[in-house]
Amino acid sequence: MAWENQNFNSDFIHVGIFNDSPTCIFLFLLVFGIFTVAFMGNTAMVLLICLDNQLHTNMYFLLSQLSLIDLMLICTTVPKMAFNYLSGRKSISLAGCGAQIFLYVSLLGAECFLLRPLCCHLPPIKISWQLLHTFLARLMV
C-alpha cells in the first residue's frame with residue numbers, strides 16, 4: 001500500500017506585507033488610518049448630499065452614488081485584511097476570495113459607468129431619454 005499525502009487545504013495563504021515586524025505594525029496603522037479617513041469622508045459626502053435640499057440635483061445625486069460605491073469598495077477588502085491581521089490568521093477561504101474579487105470587480109465596473117456621465121456633465125436620465133427617442137425614431141423609419 002502506497003502512502004499518499006491526504007492533506008487538502010482549500011484556503012489561500014497570505015504571504016505578504018503584514019508579518020510580525022515593527023514595520024508591519026506601522027503599515028497596518030497607515031492602511032487603517034487611510035481606510036478611516038476614506039470611510040468618514042465618503043459617509044459625510046453621502047449624508048450632506050442627502051440632507052441639503054439645494055444639493056438634490058442630478059450631478060450631486062451621481063456624486064453621492066459615486067461616494068457610496070467608493071464606500072462599498074473600501075469595505076470589501078480592508079476590514080477582512082484587518083481582521084486577519086489582528087486575529088493572526090494568514091489565510092482566506094476560496095469562497096471568501098472569490099466573493100471579494102467579484103465584489104471588487106463589480107463595484108469598479110459600476111464606478112466606471114458612473115464616471116462617464118459625470119465627465120460629460122450630462123445626467124443619465126437625459127442620456128436615456130435621448131437614446132430612447134433616437135431608437136424610436138429609427139424604428140418609425
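Nothing in this text is a laboratory measurement; each read-out follows from the coordinates by a stated rule. Since we're looking at a predicted model, the values are computed, not measured. Here the Cβ is made from the backbone with ideal geometry for all residues, glycine too, and neighbour counts use every protein chain on show.
Counting each pair of different Cα atoms once, what's the Kirkwood radius of the range 22-139 in Å, rounded to one decimal?
This gives a value of 17.0 Å.
Which of the listed residues, Ala110, Ala44, Tyr60, is farthest toward the dipole's positive end in the range 22-139, when Lys, Arg count +1 and Asp, Glu count -1 at the beta-carbon?
Ala110
List, in order, the whole-Hz ³J(HN,Hα) value for each residue of the range 103-109 obtained from phi through the Karplus relation with A = 6.51, B = -1.76, C = 1.60 and θ = phi - 60°; use x for Gly and Pro.
4, 4, 5, 5, 5, 5, x
Non-local amide H neighbours of Ser91 (under 5 Å, H modeled in plane, Pro and chain starts lacking H): which ones?
Amide H to amide H, under 5 Å and 5 or more residues apart or across chains, Ser91 pairs with His14.
Write out the trypsin sites (Lys or Arg not before Pro) in the range 78-120 meeting two conditions: DSSP loop, and at most 14 other Cβ atoms within 10 Å of their Cβ.
Answer by residue number: Arg89.
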